[in-house]
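Engineer: Submitted below is the structure of interest, expressed as structure tokens.
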Amino acid sequence: MLRETLSKRGVRVITGLGKYFRNVDKNRNGFLSQADFKEALKVFHLEIPEEDFESLWLILDDSKNDKVDYGEFTRAVFGEMNEYRKSFVRKVSSAYMKLDFNKTGSVPMVDIRKCYCAK
């Protein structure tokens, strides 16, 4: 049910939900509490009946630690990337690493100008 709702809503919801998960995950461990997960679904208007949510939570919280791995949730709903997409991500990552001279995780416009010529 959730998968069908997400597939109808499109890429913006999918990417927005992933970004929201990362923002909520303050300690950057890749896990969300049940309350945070429920709130994320509500923020993106993906509300599901409480009994369905409880069933979903039991499936997602397979380690029974009251947390859900949002990476696993994303893969379960959207599936693994195909080889073309994996290759594309590797190429983009490689290009990004070349631009990130200082290995800071961000690339200032000055550094982009050093590498890019529109001529």
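Engineer: Those residues that are of a type in the set (A, V, I, L, M, F, W, C), at pLDDT 80 or above and in a loop (DSSP other than H, G, I, E, B), I need them from the stretch 94-119; list them, please.
Structural biologist: VAL107
Engineer: Further, regarding this structure: Being surrounded by 10 or more Cβ atoms within 10 Å (Cβ to Cβ) and within 21 Å of the chain's Cα centre (by Cα): is that true of GLY71 here?
Structural biologist: yes
Engineer: Sticking with this structure for a sec: If I filter the stretch 42-55 down to residues being at pLDDT below 85 and in contact with a Leu (Cβ under 9 Å, 6 or more places away or on another chain), which single residue comes out as farthest from THR15 (Cα to Cα)?
Structural biologist: For the stretch 42-55, the residue satisfying everything is ILE48.
Engineer: Are any of the residues in the stretch 102-112 touching a helix residue (DSSP H, G or I) at 6+ places or on another chain (Cβ under 9 Å) and surrounded by fewer than 10 Cβ atoms within 10 Å (Cβ to Cβ)?
Structural biologist: yes
Engineer: Being free of Cβ contacts under 8 Å to residues at least 60 places away in the same chain, surrounded by 10 or more Cβ atoms within 10 Å (Cβ to Cβ), in the same structural domain as GLY18 (by the TED database) and not in a loop (DSSP other than H, G, I, E, B): is that true of LEU46 here?
Structural biologist: Spelling it out, it is not the case that LEU46 is free of Cβ contacts under 8 Å to residues at least 60 places away in the same chain, surrounded by 10 or more Cβ atoms within 10 Å (Cβ to Cβ), in the same structural domain as GLY18 (by the TED database) and not in a loop (DSSP other than H, G, I, E, B).
Engineer: Additional query: Being assigned to a loop (DSSP other than H, G, I, E, B) and open to solvent by 80 Å² or more (accessible area, probe 1.4 Å), is that true of even one residue in the stretch 78-93?
Structural biologist: Checking the stretch 78-93: at least one residue is assigned to a loop (DSSP other than H, G, I, E, B) and open to solvent by 80 Å² or more (accessible area, probe 1.4 Å).
The values are calculated or read from the model by the stated rules, or taken from the named source; none is laboratory data. Treat the numbers as computed from the prediction; the structure is a model and nothing was measured. No Cβ is skipped: glycine too gets one built from the backbone with ideal geometry, and neighbour counts run over all protein chains shown. For accessibility, only protein heavy atoms count, side chains too; no ligands or nucleic acids. Shrake-Rupley method; radii C 1.70, N 1.55, O 1.52, S 1.80 Å.
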